[in-house]
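Each remark here refers to the structure printed beneath this line.
Quick note: the coordinates plus some simple rules give every number you see, no bench work behind them. Everything numeric in this text was worked out from a predicted model, so none of it was measured. Here the Cβ is made from the backbone with ideal geometry for all residues, glycine too, and neighbour counts use every protein chain on show.
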Amino acid sequence: MSTIDPDFKEKLTVVKNHEEYGYKIWGAFEPPKKLGIHGDRVAVDFDICIGDGACVDVCPEDVFEWVEYEGHDASTKKAAPAREDDCIECLACEDDCPVVAIKIYQM
Ligand code: F3S
């Protein structure tokens, strides 16, 4: 099983910004099959995320919002780092995600 690549910023480029939340999207963004990595400070690999929700529940700063992507193989709902600038780097989401889809970068 693949996990988020901690070196993805050296390998991928920013392809667009999220329409609603403004954060960066890296790599291939070809919905519904390829969704890329969402976020810069709080990075979530949407192609790995299974919509578990541990990150949403554990975050003390309410960084995440659910977004829907119908037709994605891993899950149709993903945890978007909508308020990544509020991250306090507690790493709880990174630790609790069962599929290791999240990487926090200290800024
Ligand atoms: Fe997805 Fe992991 Fe959160 S599976 S919803 S990033 S805990």
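Shape call for the range 64-107 from the C-alpha gyration tensor, a ≥ b ≥ c root eigenvalues: rounded (a/c under 1.5), prolate (a/b greater than b/c) or oblate? Oblate is the answer for the range 64-107, as a/c is 1.5 or above yet b/c matches or exceeds a/b.
Among residues other than residue 67 with Cβ under 12 Å from its Cβ, the summed charge is -3 (Lys and Arg +1, Asp and Glu -1). Could you run the Debye sum over the Cα atoms of the range 8-104, one equal point scatterer each and no solvent, and tell me log10 of I(q)/I(0) at q = 0.10, 0.20, 0.24 Å⁻¹, two decimals? For the range 8-104 at q = 0.10, 0.20, 0.24 Å⁻¹, log10 I(q)/I(0) is -0.22, -0.93, -1.36.
Judged by a Cβ-Cβ distance under 4.7 Å, the unpaired cysteines of the chain are 49, 59, 87, 90, 97.
Scanning the chain for chymotrypsin sites (Phe, Trp or Tyr not before Pro) in DSSP loops with at most 16 neighbouring Cβ atoms within 10 Å leaves 30-104 as the longest stretch between them.
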